[in-house]
1. Would you tally the residues in the stretch 1-42 being within 22 Å of Ser127 (Cβ to Cβ), touching a Phe, Trp or Tyr at 6+ places or on another chain (Cβ under 8 Å) and hydrophobic (A, V, I, L, M, F, W, C)?
2. Has the stretch 180-197 got any residue that is touching a strand residue (DSSP E or B) at 6+ places or on another chain (Cβ under 6 Å), assigned by TED's automatic domain parsing to the domain that holds Asp94 and not hydrophobic (A, V, I, L, M, F, W, C)?
3. I'd like to check which helices (runs of 4 or more DSSP H) are fully inside the stretch 84-153 and have at least 1 residues that are at negative phi and touching a Pro at 6+ places or on another chain (Cβ under 7 Å).
4. Do we have any residue at all in the stretch 108-123 that's basic (Lys, Arg) and within 16 Å of the ligand (Cβ to nearest atom)?
5. Residue check: is Leu273 assigned by TED's automatic domain parsing to the domain that holds Lys15 and surrounded by 15 or more Cβ atoms within 10 Å (Cβ to Cβ)?
6. Pick from the stretch 24-50 the residues that are hydroxyl-bearing (Ser, Thr, Tyr) and in a loop (DSSP other than H, G, I, E, B): which of them is nearest to Arg265 (Cα to Cα)?
7. Can you tell which of Val53, Val75, Val95, Val108 is surrounded by 20 or more Cβ atoms within 10 Å (Cβ to Cβ), within 19 Å of Lys263 (Cα to Cα) and of a type in the set (Val, Ile, Thr)?
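The values are calculated or read from the model by the stated rules, or taken from the named source; none is laboratory data. Please read all numbers here as calculations on a predicted model, not as lab measurements. Here Cβ is always computed from backbone atoms with ideal geometry, including for glycine, and neighbour counts include all displayed protein chains.
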Amino acid sequence: MNDYQQKISELKNEKNALILAHFYQTLDIQEISDFVGDSFALAKKAREAKEQVIVLCGVRFMAESAKILNPTKTVLLPAPDAGCPMADMIEPEDVIKLKERYPEAAVVCYVNSAAAVKAVSDICCTSSSAERIVRSLPNKQIIFIPDKNLGSYIASLVPDKEFILFEGCCPTHNRVSEKDVIAAKKQHPDALVLAHPECRPEVLRYADYIGSTAGILKAAEQSDAKEFIIGTEITIADKLTQELPNKTFYPMTNSFLCPNMKKTRISDVIYSLENMVYEIVLDDEEIQAAAASLERMVSI
Ligand code: SF4
């Protein structure tokens, strides 16, 4: 155990803390965490946490979800400026206007959104649960927010529903173009393409597998193929290279990087635990309203 790991282990015991990290965090952060997962797994883990303090190494909406699902706990976000540009693209007022325009529709809100937006939505979803959640709803019309790429992918899987898509996107996934995927395939013709549904539809057309981050990790592990082009944040290609040394992983492009997910450093985690900062504070009404749509997601 190195000095950092020793320090973190002492602080965790002293503060009764659980450290959760998203798969897109740097690998050194993943190594010092108690649990690493995608947003759905992190939400479930936070909900079940027995420890008094939850340290969320990820971006703000993930820490907010932890607070909403387990409100008596102290939730800390070690990098307080780690936001999500997609979550920031939509305001509660946008949702309210859409609801007025389409009163029969259910609002399905991707978890990559602020607590205030979840609070005015009917149900949340993750990329792994979106199809199942949309199918479970009696409504014919679905207002899907905020990711138009994930929304249009789910619309293609559930053609009997009518989708109203909000014009948001993940800048990291949306930046990758059809040209990028064609170039990657040309360079690695034997590789399978595994892509996240936050990518543009013209990129997903080339995918052999489309799924959440956890789904991509599983697909790579279970496949008999030896080479893969990874169509999601670049750390996943690094993680797979580390975990499956007999297979080869190429990022779809070298620019496939979310700067916000790279803001948390080990020193931030130590500082955060030592000083019990930066705490997520939400008002009770917002927690209750957002909890209803998040709990519906977790229970389906
Ligand atoms: S990868 Fe995209 S959706 Fe995820 S935190 Fe970064 S900007 Fe937000």
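1. 5
2. no
3. By residue number, 115-118.
4. The answer is yes; a qualifying residue exists.
5. Criteria met by Leu273.
6. Here the residue is Thr26.
7. Step by step, each of Val53, Val75, Val95, Val108 is checked, and only Val75 is surrounded by 20 or more Cβ atoms within 10 Å (Cβ to Cβ), within 19 Å of Lys263 (Cα to Cα) and of a type in the set (Val, Ile, Thr).
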